[in-house]
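Worksheet: one structure, shown below.
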Amino acid sequence: LVTNQTGTFLYAANGNSRNLTTYSANPTTGVLTNSGVQPLDTLGTTGRLTGIDYLARVPTTAASVTVGGRVTTAARAGGVARARVTLTYMTGETRTALTNSFGYYRFENVAAGQTYIFEVRHKRSQFAPQVITVTDEIDNLDFTAAQ
């Protein structure tokens, strides 16, 4: 299997017939549509693509980034220690981090390009959740307690 350079067409060699089936690929959904069979012997007598220079498609993976910030209250200048920060994936899976003594927290290996819900829980304060699409490193996803 190979694709063209833009990844919009997929080509599959058809065994002994030495022809090629072409599929168009929707880059957004990844759905393939059969676009037809290339002429007989497109692969040539040596089994190589004749007159066609296609690149093997290597799947891309989302980059991992770090997301962090600080949890504070409006009444105190310092951070809120031991607050539980929860990162929720759109699948419902969760990860949790506790703030340090200065109110800072950090999540590593967060997949970029995804949307997450971040929530903070602490016994003495309430915080509004934040829905964030992570595209790059974030070091200032801060929470301030509601008054």
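Observations, loosely collected:
- Taking N as the residue count of the stretch 106-147, its C-alpha radius of gyration divided by 2.2 N^0.38 Å amounts to 1.28.
- Each part reduced to its alpha carbon centroid, the stretch 109-147 and the stretch 63-91 end up 6 Å apart.
Taken together, the values in this text are just the output of simple stated rules run on the coordinates, not laboratory data. These figures come from a predicted structure and were not determined experimentally.
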